[in-house]
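This report refers to the structure that appears directly beneath it.
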Amino acid sequence: MSATVTLFLLAGKGFERRLRKVRQDQWRRPTPCTEWNVRALVNHMTRGNLSYLRLAEGGDSAEFLRLRDADALGDDPVGAYTRSVEQCAEAFARPGVLDRLLDYPLGELPGRQALAVRTTDSVIHTWDLARAIGADETLDSDLVAWIDEHLDTIYKGLNESPVATSTTHRFFAARDETPSTSRQDSLLRLMGRRP
């Protein structure tokens with residue numbers, strides 16, 4: 001299995017660990033993503049994985065955007081999420097997918113880069129979920145380091161990104177310029193979070 005797919009699976013496991021801690025009374029709690037409560041955030045993650053799966057199978061950006069908010073959780077949010085991670089990883093592990101150009105909504109990009117964007121989104125949203133439910137907010141240090149070291153490559157060529165000061169994409173909050181004492185906090189502030 002490629003390193004790109006392995007990193008995605010690692011990020012997925014981190015989110016899943018927090019997801020398994022969500023109590024029944026926490027699904028409507030607000031998250032740092034101001035438009036989403038916990039359930040909407042988990043749906044975003046699950047639907048996102050399924051949309052990336054479709055891109056890997058030849059889907060297009062119009063389908064990706066049309067289904068972005070469709071319910072993907074049903075009555076089994078944890079199961080739906082874990083299945084979506086496995087299915088997405090399997091799709092990107094197929095021969096040639098990482099090198100094929102995909103019709104991503106923010107610009108055409110190779111599968112390897114698309115999955116790197118997805119991995120980064122998964123890591124940041126892991127912190128969002130942890131913050132919302134009061135779980136451990138410590139992110140995997142290897143993933144944080146990888147994202148920090150590859151930010152320019154991960155978002156290279158995209159129309160908008162969380163690292164561009166001019167971005168208007170609704171999923172990225174304005175960056176926080178407060179000095180940080182840790183690599184994780186620095187990354188979170190860059191992504192518009194307030195650790």
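Going by what's in this entry, would residue 14 be described as closer than 16 Å to residue 129 by Cβ, touching an Asp or Glu at 6+ places or on another chain (Cβ under 6 Å), at pLDDT 95 or above and in a helix (DSSP H, G or I)?
yes
Look at residue 102 and say whether it is crowded, with 21+ Cβ neighbours inside 10 Å and touching a helix residue (DSSP H, G or I) at 6+ places or on another chain (Cβ under 8 Å).
It is true that residue 102 is crowded, with 21+ Cβ neighbours inside 10 Å and touching a helix residue (DSSP H, G or I) at 6+ places or on another chain (Cβ under 8 Å).
What's the number of the condition residue 41 fails, among (1) out of contact with any Ser or Thr (no Cβ under 8 Å at 6 or more places or on another chain); (2) part of a helix (DSSP H, G or I); (3) surrounded by 14 or more Cβ atoms within 10 Å (Cβ to Cβ)?
(1)
From the list 65, 50, 55, which residue is in a helix (DSSP H, G or I), touching a Pro at 6+ places or on another chain (Cβ under 9 Å) and of a type outside the set (Ser, Thr, Tyr)?
Within the list 65, 50, 55, the selection yields 65.
Let's see how each residue does on (1) within 14 Å of the chain's Cα centre (by Cα); (2) within 16 Å of residue 78 (Cα to Cα); (3) free of Cβ contacts under 8 Å to residues at least 12 places away in the same chain:
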site: 5; (1), (2), (3): yes, no, no
site: 11; (1), (2), (3): yes, yes, no
site: 14; (1), (2), (3): yes, yes, no
site: 20; (1), (2), (3): no, yes, no
site: 26; (1), (2), (3): no, yes, no
site: 40; (1), (2), (3): yes, yes, yes
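If I go through segment 110-138 residue by residue, how many of them are within 19 Å of residue 5 (Cβ to Cβ) and in contact with a Ser or Thr (Cβ under 6 Å, 6 or more places away or on another chain)?
2
Report whether or not residue 32 is over 15 Å from the mean Cα position of the chain (by Cα) and outside any helix (DSSP H, G or I).
no
The values are calculated or read from the model by the stated rules, or taken from the named source; none is laboratory data. Nothing here was measured: the structure is a model prediction, and the numbers come from that model. Positions of Cβ are backbone-derived with ideal geometry, glycine not excepted, and every protein chain shown enters the neighbour counts.
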